Amino acid sequence: MTPPSHLRAFLAPRSIALVGIPGDSTSPLARPLRALRRFGFPGSIFPVNPKYTELDGLKCYPRLGDLPEPVEMAWISVPALRVTEVLEECVALKIRSLVIATAGFAETGAEGALSQSALSRRAREAGITLLGPNSIGFINAWDRVPLSFSGALELPEISPGPLAIVSQSGGLGGSVLNRVLDRRIGVAYMISTGNEAGITLSDCLEFLAEDERTRAIILIVEQVRDGERFRAAAGRALERGKPVIALKLGVSEAAARLALSHTGALVGSREAWEAVASQSGFLLTEDLADLSDLAAWSLRTPPVKGNRVGVVTSSGGAAVQIADQIERHGLTLPPLNRETADRLARILPAYATAANPLDVTAGLPEATFAEALRAFAESAELDALLLPMTMLVGEPVRQRVATIARVARELQRPLAAAWLGGSLAEEGGRLLNEAGVACFSSPASMVRALAAAWKWTRARDAW
């Protein structure tokens, strides 16, 4: 068990030794050194590799014992047979935080599991906080600690923000990080727990439930190793009003076997997972793409207080599709009240029908669309507003985005848009993300996000 206070310090070291960092700058395992320097890590960095005297302009040391000053954290990427030797050096030098990127432990079978168990036991005896092994590391965007070899660190910027990502799969964690950053969602942390010989998923969830810089949490889960702690941490996140967005891997027998060979995780039953997730109000998905969708909804819209949905669209076909999805997910499309219907009738041209869904067609002047949208958004009969829009281009798309963002900001109602199309729709989606509006690529994904948010509200009210 890693107390939340210890994890806070672990994620913000003031000095780092990179043990086994390769000289080939194109190697993924060289990425931590490049990233720490490029993103402006404010502390001291010490490459450690007896093959080199200098790496990336920094003096390189043969061993940890040769460093000119004590360090708080060691990154270890030496071969598996040397990890115990480096651990003992860390014990002797009183280095209390370790990230072990090296694979070749529990995920390889019984012998590797025994080696990992010994590693874990020795770290606990020495009072060492350990992440890994078989971890791609972590990123703390707020404190500029990109200690990872994730490919996401090739992005030009890692913007700090309110979302935390914890993944037992390093590759998927980095992929989700890339997706959320593309949507202009800033991140507080990305943590790859790997084989969890030390820091576990539950440790991270306990910490993030209390962390003031985190407002929503993404979990990518192969196995929950300490169920009661996990359940309690999930409840605390719900109590604190922090949505937990979760993708569970390994629910089939074939996937469970793959998980065992990936991180050494023995996957628990699907029924047990779903029971905990339902009680804790998790926003569940089976699709990687939905993780960033659910994060966008959770962070960019107010809480959903009911299941009554209003739809404003520029496509009759999109209205039909979204109506199908709304019914499938237990939401409703209530008729408009008389006051809203009369108000819309005064705003809209004669060929338009004041109804829910409202098809404004593609040719409606922007000022008229803005009035109609505001009338919908101010209706007391609706709990959320969904806007599937088709392919506006050029200046009209900029005007439409400005209208949607203004109404969302001023009225503070749950509101999201789906910008439909291919390359011609990209500008609308990009501008909505920049404006901080929850934006989706399809009506179905938008409705799934709304339904999950409504389920979270009910779970929190019942907690």
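The values are calculated or read from the model by the stated rules, or taken from the named source; none is laboratory data. Predicted, not measured: the structure shown is a model, and the values here were computed from it. Heads up, the Cβs are rebuilt from the backbone with ideal geometry, glycines too, and the neighbour counts pull from every protein chain shown. Surface accessibility is based on the protein's heavy atoms, side chains included, excluding ligands, DNA and RNA. Shrake-Rupley method; radii C 1.70, N 1.55, O 1.52, S 1.80 Å.
Once both labels are modelled 7 Å past Cα along the beta-carbon direction, what's the Glu212-Asn337 spacing in nm?
Placing both labels 7 Å beyond Cα along the Cβ direction yields 4.0 nm.
Provide the convex hull volume over Cα atoms per residue for the chain, in Å³.
142 Å³
Straight-line reach from Lys51: which aspartates and glutamates have a Cα under 12 Å away, not including same-chain ones fewer than 8 places off?
Output for Lys51: Asp24.
Put +1 on the Cβ of each Lys and Arg and -1 on the Cβ of each Asp and Glu in the chain; which of Ser148, Ala209, Ile100 then has its Cα farthest toward the positive end of the dipole?
So the residue we want is Ala209.
Using a 10 Å cut-off on Cβ atoms, rank the peptides 403-410, 27-34 from the highest mean neighbour count down.
27-34, 403-410
Let me know the Kirkwood hydrodynamic radius for segment 267-320, please, with Cα pairs as the basis and the value in Å to one decimal.
After inverting the pairwise mean of 1/r, the radius is 14.2 Å.
With the crude spin-label approximation of a point 7 Å out along Cα→Cβ, what separation in nm comes out for Arg38 versus Arg225?
Roughly 3.1 nm, to one decimal.
With every protein chain kept in place and ligands, DNA and RNA left out, what is the accessible area per residue of segment 71-221? Probe 1.4 Å, answer in Å².
I get 32 Å² per residue for segment 71-221.
Using the alpha-carbon atoms, what tilt in degrees (0 to 90, nearest 10) does helix 170-182 show relative to the longest principal axis of the chain?
Tilt of helix 170-182: around 40 degrees.
Which whole-number value in Å² is the accessible area per residue of segment 317-454, probe 1.4 Å?
Per residue, segment 317-454 has 43 Å² of solvent-accessible surface.
Please give the Cα centre distance for segment 380-452 versus segment 173-225, rounded to the nearest Å.
27 Å
For the full complex of protein chains and a 1.4 angstrom probe, list Ser135, Ser175 by accessible area with the highest value first.
Ser175, Ser135
Largest first, how would His6, His329 line up by accessible area (1.4 Å probe)?
Of His6, His329, the descending order of accessible area is His6, His329.
What whole-number volume per residue, in cubic angstrom, does the convex hull of the C-alpha atoms of segment 419-462 give?
In segment 419-462, the Cα hull volume divided by residue count equals 52 Å³.
Give me the Kirkwood hydrodynamic radius of segment 1-156, using the inverse of the mean 1/r over all pairs of distinct Cα atoms, in Å to one decimal.
It works out to 15.6 Å.
Taking all protein chains as present, what is the carbon and sulfur share of the accessible area of the chain, in % to the nearest whole number, probe 1.4 Å?
52 percent
Given axes a ≥ b ≥ c from the Cα gyration tensor, I'd like to know whether segment 86-176 is rounded (a/c under 1.5), prolate (a/b larger than b/c) or oblate.
oblate
Grab the Cα-Cα distance for Ser269 and Arg122, subtract it from 0.36 nm times how many residues apart they are, and report the gain in nm with one decimal.
Using 0.36 nm per residue and subtracting the Cα-Cα distance, I get 49.8 nm.
Rank by packing, highest mean first: peptides 219-229, 137-147, with packing defined as the count of other Cβ atoms within 10 Å averaged across residues.
Put in order of decreasing packing, that is 137-147, 219-229.
Any idea what angle helix 110-125 forms with the longest principal axis of the chain, computed on alpha-carbon atoms, 0 to 90 degrees, nearest 10?
Once rounded, the angle reads 80 degrees.
What accessible area, in Å² to the nearest ten, does a 1.4 Å probe give for Tyr351?
Accessible area of Tyr351: about 140 Å².
According to the square roots a ≥ b ≥ c of the eigenvalues of the Cα gyration tensor, what is the shape class of segment 335-463, taking rounded for a/c under 1.5, prolate for a/b larger than b/c otherwise, and oblate for the remainder?
Oblate is the answer for segment 335-463, as a/c is 1.5 or above yet b/c matches or exceeds a/b.
Pairing the Cα long axis of helix 443-462 with the longest principal axis of the chain, what angle in degrees results, from 0 to 90 and rounded to the nearest 10?
So the helix axis and the longest Cα principal axis differ by about 80 degrees.
Inverting the mean 1/r over all pairs of different Cα atoms, compute the Kirkwood radius of segment 19-78 and quote it in Å.
One decimal place: 11.7 Å for the Kirkwood radius.
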